[in-house]
1. Does any residue in segment B:132-155 that is more than 24 Å from B:Thr409 (Cβ to Cβ) and facing another protein chain (nearest Cβ under 9 Å) come within less than 8 Å, Cβ to Cβ, of a residue that is basic (Lys, Arg) and crowded, with 24+ Cβ neighbours inside 10 Å six or more places away or on a different chain, and which pairs are these?
2. Which condition number does A:Ala59 fail, the rest of (1) over 22 Å from B:Thr128 (Cβ atoms); (2) buried (at least 17 other Cβ atoms within 10 Å of the Cβ) being met?
3. Counting residues that are at pLDDT 95 or above, aliphatic (A, V, I, L, M) and surrounded by 14 or more Cβ atoms within 10 Å (Cβ to Cβ), which helices (runs of 4 or more DSSP H) fully inside segment B:357-448 reach at least 1?
4. So, in segment B:153-182, exactly how many residues are of a type in the set (A, V, I, L, M), modelled with pLDDT of 95 or more and either closer than 24 Å to A:Lys268 by Cβ or part of a loop (DSSP other than H, G, I, E, B) (or both)?
5. Do you know which residues across segment A:62-79 are surrounded by 22 or more Cβ atoms within 10 Å (Cβ to Cβ) and more than 14 Å from every other protein chain (Cβ to nearest Cβ)?
6. When you look at B:Thr54, is it under 24 Å from the mean Cα position of the chain (by Cα) and at pLDDT 95 or above, yes or no?
7. Report those helices (runs of 4 or more DSSP H) wholly inside segment A:213-321 carrying at least 1 residues which are touching a Cys at 6+ places or on another chain (Cβ under 9 Å) and under 30 Å from B:Leu82 (Cα atoms).
8. How many residues are without any contact (Cβ under 8 Å) to a residue 60 or more places away in the chain, more than 11 Å from chain B (Cβ to nearest Cβ) and buried (at least 22 other Cβ atoms within 10 Å of the Cβ) if we restrict to segment A:123-175?
Amino acid sequence: MSRKVHSSRTEGVDKNVWVEFTQLAADYKAVNLGQGFPDFSPPEFIREAFCDALKGGPAMHQYTRAFGHPPLVKILAKFFGRIVGHEIDPLEDILVTVGAYQALFCAFQALIDEEDEVIIVEPFFDCYQPMVVMAGGKPVYIPLRPREGRAVLSSGDWVLSPEELASKVTPRTKAIVINTPNNPLGKVYKLEELQMIADLCIKHDLLCFSDEVYEWLTYDGAKHVKIASLPGMRERTITVGSAGKSFSATGWKVGWAIGSRDVIKHLKIIHQNSIYHCATAAQEAVARGFEREYEVFGAPDSYFQQLPAMLHNKRQKLATCLQSVGLNPIMPEGGYFMIADISSVKVDLNDESNKVESRDFRFVKWLIKEKGLATIPVSAFYSPEHGKEFDKYIRFCFVKEDSTLKAAEDILKKWSQRE
Amino acid sequence: MNFAWHLLNGSKLSRRSASSACRRSFTSQRVMMSRHTNAKRIAGLDKNVWVAFTSVAADPSIVNLGQGYPDIPPPSYVKEALAKAASVDRMNQYTRGFGHPSLVKALSQVYGKVCGRQIDPFKDILVTVGGYGSLFSTMQALVEEGDEVIIIEPFFDCYVPMVRMAGGQPVLIPLRPKPGKIPTSSTDWYLDPDELSRKFNSRTKAIIINTPNNPIGKVFTKDELQVIADLCIKHDTLCFSDEVYEWLVYKGHQHVKIATLPGMWDRTITIGSAGKTFSVTGWKLGWSIGPEHLMKHLQTVMQNSLYTCPTPLQEAVAQGFLLNYEMMGRPECYFSALAEELEGKRDRLAAILQEAGMTPVVPEGGYFMLVDVTPLGQDLSLMAEDEAYDYKFVKWMIKEKKLAAIPVTAFVGEDSTKHFEKYIRLCFIKQDSTLEAAGNILKNWRRV
């Protein structure tokens, strides 16, 4: 065809860090601490739930309710209603989506128009930016910054400046996107920090998109707080969750958006005009998983207790290993990931041809090719304007089998011994 | 209906000037106005025939020939493949975004054979959440403001809102019954070549075709597709070919892929569905196949919308395809076996409708049948709603007769309503007992 065929909305959003780096990791058969998925299996009870769902009669293999399989929305309403302390209507206040990713997509498409500004806190899960752009909106960035004047050892030491945040709001600002626990940093926002954001949202009548996919994964006593539960926030917040992250089954792609009906109704319109239904059997299995968790919530039996306990140890192991080889980790309070400062590493990256890319990108490629260890460059989670400030960090995923972490440890030890 | 309004009055005002005008007039008020307003792209897209009718028919006492899904089971090997896939650790985690490798390879094998060409599994294929998801990715990738998209009526109802949401302008053209006879078959409906050619102009970006067609069941012949292809080539437009019912074609008819006509591969996106192929609509997996230079844009949409489809489901569909690939062309192949089973049901439903004094439009393909309900002489003047006859009829029939169908004017624009409002759509991929139950209701129509 001689004419331009693609729509303008696909311009500038075609590059994607995952496509590039997962390919590279596969090509070099690297020990993969890059992409965020477990290399261990989901818990027995959830796998059984899936098998049971498959045997559950013909209805399990045919269309279910478009906005969410009834057993799933009912239990999600009950489960999260108990946590936030108010009733959630399963049919009006919840939309089930293909992963949290699609929930975010629906939120941006439904609520962001051309020239709307969306404040994004950096570092951010990389999809927020292209999603804002594809919806015609303008991303406005504000970075978390390490606190001045003391050693920065934990994600808790990275904070937002209230003045700087307030200065980012303009008459065009429509929404702010937060992610807690944060990917890649691992920060778990404290109540006061969320209150500060909430005050701004209420003052300027903003929407809040709260990505809480790692909500169960907090360490060292850090508490996950739902911004939607703060006064005045329920009507303006969309809270996004993920079965993939909750049950270590990322390949099932079941997620949800929960909010007030007046806002969720718009997301439903996007959903009904884009993919319409989500897979039935997977939703049935997730429903059973939540029903089980509802009964044992807070008890040692609960997977939402066991998983963070297991990851707590892996997190420690990885941090110790990184420290021992001169990489300085920032201890995450929550989530799947740890970032490490590579400034003190002195290597010849051997890539004369590539002076364009930032240091962390070049380092990660070198690490994959030369050492067979895959990670993700942290400036991928920053805007172009702030990337340079933060290109000394790389991201490790520690939600891996001990054997994988050990293999990574061996590579790092061997490398540090040679220098 | 809202979308019809938009169709007729399709906003010519540029969005940019409208929004800045609003901003100038309402600046002071804007700070106080709720920011929770929706984006313009969804204006008028809230109505949806499925949302309206599927909840009504969920009552188990209702004989449901409405929404298009089987109440017959899928083949057991497909369910077993899913159970097996889910038992493999790696299959419960993320797979390749544009399509699970074993699935895209299987698709490339099967469709490579069907099309008689090499299809690159990684560049020419995108796996999506159902045929629906493929349609969405296609529209978002390739349609925007200023584009016109030709849609043939009756059309699967999502085409119009999807074109609108992408900022495009739908241009409708109806299939017409051949003059001088009452239609008794989907072959009696045709597209007027002159009328079609007049719909093409320099703004035409694409034409959407659906063969076998939902709801009429028409299977476009090679000659009919050639007429469309000639226009696409002449006007340098794209073709989006929805072929989800491609294997469900009955004796005496042949499914032809427009992408295989000369000059068409480079400008066609062909859409398929695992749900319709393997009777697993609840798996929600589909695919788009086309040339790399078009597919890369669909892939961009995918990576920015939901990124990847569920892994174990894709693995199971791959297994289903590999199994049937070996048997293609033979009666044991599910694609042939299902068509044969459905042909029997098609004929049984047609007979049931004829016994009840109606004239069904027997379809050449797909799993829907249209029937003119005029012979039933149902007086609906007491129903106050200002709706097309078929909408009123179906609502009344669900309530009073406990039989569900879908009104056909859900699949046409405002201007064509008067030509289609005497028809309702019945789905026949149902157990024999379901079809017989429908037959009893229709036979006893006049009894109160």
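The values are calculated or read from the model by the stated rules, or taken from the named source; none is laboratory data. Please read all numbers here as calculations on a predicted model, not as lab measurements. Note that we place each Cβ from the backbone using ideal geometry, even for glycine, and neighbour counts take in every protein chain shown.
1. As it stands, the answer is B:Gly133/B:Lys284; B:Leu142/B:Lys205; B:Val143/B:Lys205; B:Asp147/B:Lys205, since those pairs meet every condition given.
2. Among (1) over 22 Å from B:Thr128 (Cβ atoms); (2) buried (at least 17 other Cβ atoms within 10 Å of the Cβ), A:Ala59 violates only (2).
3. Numbers: elements: B:389-401, B:417-420, B:432-443.
Once the helices (runs of 4 or more DSSP H) in segment B:357-448 are filtered for at least 1 residues that are at pLDDT 95 or above, aliphatic (A, V, I, L, M) and surrounded by 14 or more Cβ atoms within 10 Å (Cβ to Cβ), what remains is B:432-443.
4. Let us first name the residues in segment B:153-182 that are of a type in the set (A, V, I, L, M), namely B:160, B:162-163, B:165-166, B:171-173, B:175, B:182.
From what is left, the residues that are modelled with pLDDT of 95 or more are B:160, B:162-163, B:165-166, B:171-173, B:175.
From the residues that got through so far, the ones that are either closer than 24 Å to A:Lys268 by Cβ or part of a loop (DSSP other than H, G, I, E, B) (or both) too are B:160, B:162-163, B:165-166, B:175.
The qualifying residues number 6.
5. A:Leu76
6. Values: under 24 Å from the mean Cα position of the chain (by Cα): yes; at pLDDT 95 or above: no.
No; evaluated as a whole, the condition is false for this residue.
7. Values: elements: A:243-246, A:261-272, A:280-296.
Correct list: A:261-272, A:280-296.
8. 0
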